[in-house]
Amino acid sequence: MNYKGKAHKVGEHIDTDAIIPARFLVTSDSRKLGENCMSGLEPDWAKRVSPGDIMVAGRNFGCGSSREHAPIAILGAGMPVVIGHSFARIFYRNSFNMGLLLMEVGDEVDKINDGDELEIDAATGVIRDLTNGAEITCPPLPASMSRILDKGGLVNYVKERIA
């Protein structure tokens, strides 16, 4: 799984209500949720995102309530991957279940600046910042998790396995 896109940095301790505020939870349509992604911090934030762009987060991203809509909103905004210092445990699991790749890189996240062009090889765990030349490595995605992401999330993966 390879990805290439522009980095959109967000801060630390961003909770799921900031990712997708409760007032938008009247739908599970990923496109509609994506239009309001991160609007808990900044209205119209998602308008700066192009399909394939990459969210870059600080510590404890996705903390707060167990809201499956949060990773769906990120995907709906066009971002298939989030690189972060660290992730809240429930958000981490929900993200993979919904088909959103998370890559935890610790303090190395500070090497990435907002707007940098990134290239990711999830199979090897290598993140290249094409703007400043930095290279970040993290553990590669396990094959089992890769298969879940390839199917668009856990539900699709299970449906195919039992069909």
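Sorted by mean Cβ packing within 10 Å, highest first, what order do the peptides 93-101, 151-159, 3-11 take?
93-101, 3-11, 151-159
How much length, in nm to one decimal, is gained on full extension between THR137 and ASP114, taken as 0.36 nm per residue of separation minus their Cα-Cα distance?
Taking THR137 through ASP114 to full extension adds about 6.4 nm, to one decimal.
For a quick protection proxy, order the peptides 43-49, 85-91, 22-28 by their average other-Cβ count within 10 Å, most packed first.
85-91, 43-49, 22-28
Looking at the square roots a ≥ b ≥ c of the eigenvalues of the Cα gyration tensor of region 28-82, which shape do they give, rounded for a/c under 1.5, prolate if a/b is larger than b/c, or oblate?
Rounded, because the longest to shortest axis ratio a/c is under 1.5.
Using 0.36 nm per residue of separation minus the Cα-Cα distance, give me the extension gain between ALA123 and GLU12 in nm, one decimal.
Taking 0.36 nm per residue and subtracting the Cα distance, the gain is 37.3 nm.
Pairs on different chains or at least eight residues apart, Cα atoms closer than 15 Å: how many lysine pairs in the chain fit?
6
Find the accessible area per residue for the chain; the probe is 1.4 Å, ligands and nucleic acids are left out, and the unit is Å².
For the chain, the solvent-accessible area averages 48 Å² per residue.
Quick one: with all protein chains in place, what share of the accessible area of the chain is carbon or sulfur, to the nearest percent (1.4 Å probe)?
Looking at the chain in its full context, I get 49 percent from C and S.
When the helices in the chain are scored as -39500 (n - 2.57) per DSSP H run of 4 or longer and the sum is shared across all residues, what 222 nm value do you end up with, to the nearest 500 deg cm²/dmol?
Only helices count here, giving -7000 deg cm²/dmol.
Which entry in (i) 194; (ii) 100; (iii) 120 matches volume of the Cα convex hull per residue in Å³ derived from the coordinates of this structure?
So the calculated entry is the one marked (ii).
Given +1 on the Cβ of Lys and Arg, -1 on the Cβ of Asp and Glu, and no further charges, what dipole in debye does the chain carry about its Cα centre, rounded to the nearest 20?
The dipole of the chain has a size of about 660 debye.
So how far apart, in nm, are the two label points at SER146 and THR27 if each is 7 Å from Cα heading toward Cβ?
For the pair SER146/THR27, the computed spacing is 3.5 nm.
Label 7 Å along Cα→Cβ of LYS47; region 62-88 residues with amide nitrogen under 18 Å?
From region 62-88, the list is 77-78.
The values are calculated or read from the model by the stated rules, or taken from the named source; none is laboratory data. All of these numbers come straight from a predicted model, not from anything done at the bench. All Cβ positions, glycine included, derive from the backbone under ideal geometry; neighbour counts span all protein chains shown. Each accessible area value is taken on the protein alone, full model and side chains, heavy atoms only, with ligands, DNA and RNA left out. Shrake-Rupley method; radii C 1.70, N 1.55, O 1.52, S 1.80 Å.
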